[in-house]
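See structure below.
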Amino acid sequence: MNEFRVPPVVLYGRDSFLQTGRHAASLGSKALIVSDRVMEKLGYIRRCEQLLHQAGVASLSYPDVNSEPTDQHVAAALELFQKENCDLLVAIGGGSCLDAAKAVSIVAVNGGYIGDYIGVNKEISHRPIPLIAIPTTAGTGSEVTSVTVITNTTNDVKMMIKHPALIPAVAIVDPILTLTSPPHVTSSTGIDALCHAIEAYLSRRAHPITDTLALSAIQLISRNIRTVYENGDHITARENMALAAMQAGMAFSNASVCLIHGMSRPIGAIFHVPHGISNAMLLPAVLEFSKEACIERLARIGRVFSDDLKTLSDAEAADGVISLIKQLCMDLHIPNMSQQGIDRAEFERAVDKMAADALESGSPGMNPRIPTHAEIVELYHQCYDYHFVNI
């Protein structure tokens with residue numbers, strides 16, 4: 001049996017953001033807006049406050065989430081939420097803002113520490129605080145997923161928490177909000193969405209509904225990501241990327257991510273590398289590692305990724321799409337770990353813990369080829385100085 005869950009309400013399209021107040025009014029009377037300083041500077045928080053006010057919903061904001069949400073952000077936002085007697089959450093920004101708000105939504109009514117909910121060690125017995133999730137990047141798909149990833153600042157571990165209670169009440173995907181994303185954010189979030197779609201399709205938990213969404217997302221991303229990277233004002237391409245990120249989020253939330261994400265989280269937690277970049281650093285090498293266990297599926301990805309691969313054999317198409325992904329990483333100026341500035345000595349000291357943390361997350365167990373600890377260590381070493389160029 002397969003299960004498929006998405007938010008009860010999904011609004012998608014240009015100017016859908018304008019419907020925020022109408023949906024908020026049906027869910028609560030006082031909202032905490034969870035966001036970051038970039039959204040504050042761009043005026044998105046103020047606009048959100050105006051839309052809520054027009055609908056009769058009071059609001060205040062917590063604008064201090066950064067690119068890697070932590071348990072400290074969750075605790076601070078939760079304190080403000082409770083102090084001000086809020087009954088609704090609105091998250092606007094990148095996936096970090098959405099993830100932080102998701103964490104608040106369950107802790108506010110179920111108590112404890114957000115880390116208690118890993119593997120549902122603590123029961124989520126009460127309905128979460130209603131959350132309206134509004135992404136401003138085309139990347140994480142967090143607005144439609146049952147997942148939040150929060151860094152434990154005590155042990156530098158990214159805690160992945162998955163539960164249906166984390167699915168927002170309303171997702172509002174307005175591509176116009178992504179027009180302000182600078183090229184480096186556009187590329188890293190776009191590659192993140194591509195990783196979501198690829199891993200959802202290769203996952204051991206993939207099923208027909210997630211396959212359809214994943215392949216659609218891969219096709220949209222392959223045909224639009226360079227355009228939005230080079231011309232951020234191209235609204236049609238932005239629209240396609242926003243749709244693709246949402247589809248990829250629906251796909252992986254109902255299938256799973258795999259080895260790339262399992263290895264990526266420790267890089268972000270320890271070295272504070274943006275999530276999309278840490279995924280991209282790993283993507284080609286992990287696909288090469290996994291290829292023999294998923295040639296047919298990788299070939300199908302290739303034929304969707306590029307029309308040039310449609311007439312090739314499975315083996316040729318699988319090799320071909322890995323080559324095309326390497327070229328894409330080059331075109332988007334994705335660095336390897338060394339180029340990102342990760343110190344080699346610090347990397348060597350951390351690599352064993354990183355491999356252990358990756359396995360502990362459970363994501364590598366969904367990979368077509370399940371790695372050992374030693375194989376993950378070796379993959380990390382390959383990726384430290386990885387050359388995206390096809391040799």
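The values are calculated or read from the model by the stated rules, or taken from the named source; none is laboratory data. Fair warning: this is a prediction, and the values are worked out from it, not measured in the lab. Reconstructed Cβ throughout: ideal geometry from the backbone, glycine too, with neighbour counts over all protein chains shown. SASA here: full protein model, heavy atoms, side chains in, ligands and nucleic acids out. Shrake-Rupley method; radii C 1.70, N 1.55, O 1.52, S 1.80 Å.
Some values worked out for this structure:
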| item | result |
| --- | --- |
| All positions within region 324-349 that are free of Cβ contacts under 8 Å to residues at least 40 places away in the same chain and of a type in the set (Lys, Arg) | 349 |
| Residue count for region 233-251, restricted to those that are touching a Ser or Thr at 6+ places or on another chain (Cβ under 6 Å), touching a residue at least 40 places away in the same chain (Cβ under 8 Å) and not in a helix (DSSP H, G or I) | 0 |
| Which numbered condition residue 157 misses (of (1) under 15 Å from residue 96 (Cα atoms); (2) touching a Ser or Thr at 6+ places or on another chain (Cβ under 8 Å); (3) hydrophobic (A, V, I, L, M, F, W, C)) | (1) |
| Subset of region 283-314 that is part of a helix (DSSP H, G or I) and of a type in the set (Lys, Arg) - its residue that is farthest from residue 210 (Cα to Cα) | 291 |
| Region 267-282 - residue that is at negative phi and outside any helix (DSSP H, G or I) and, of those, most open to solvent (accessible area, probe 1.4 Å) | 274 |
| Verdict on residue 264 being under 30 Å from residue 181 (Cα atoms) and surrounded by fewer than 24 Cβ atoms within 10 Å (Cβ to Cβ) | no |
| Region 346-391, residues that are of a type in the set (A, V, I, L, M, F, W, C), out of contact with any Leu (no Cβ under 9 Å at 6 or more places or on another chain) and in a helix (DSSP H, G or I) | 347, 350, 351, 354, 356, 359, 374, 377 |
| Scope region 309-337; condition open to solvent by 50 Å² or more (accessible area, probe 1.4 Å) and within 25 Å of the chain's Cα centre (by Cα); matching residues | 324, 327, 330, 331, 333 |
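Here is a yes/no grid of residues against (1) free of Cβ contacts under 8 Å to residues at least 60 places away in the same chain; (2) open to solvent by 60 Å² or more (accessible area, probe 1.4 Å); (3) charged (D, E, K, R):
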residue	(1), (2), (3)
351	yes, no, no
356	yes, no, no
363	no, no, no
367	no, no, no
370	yes, yes, no
377	yes, no, no
380	no, no, no
388	no, no, no
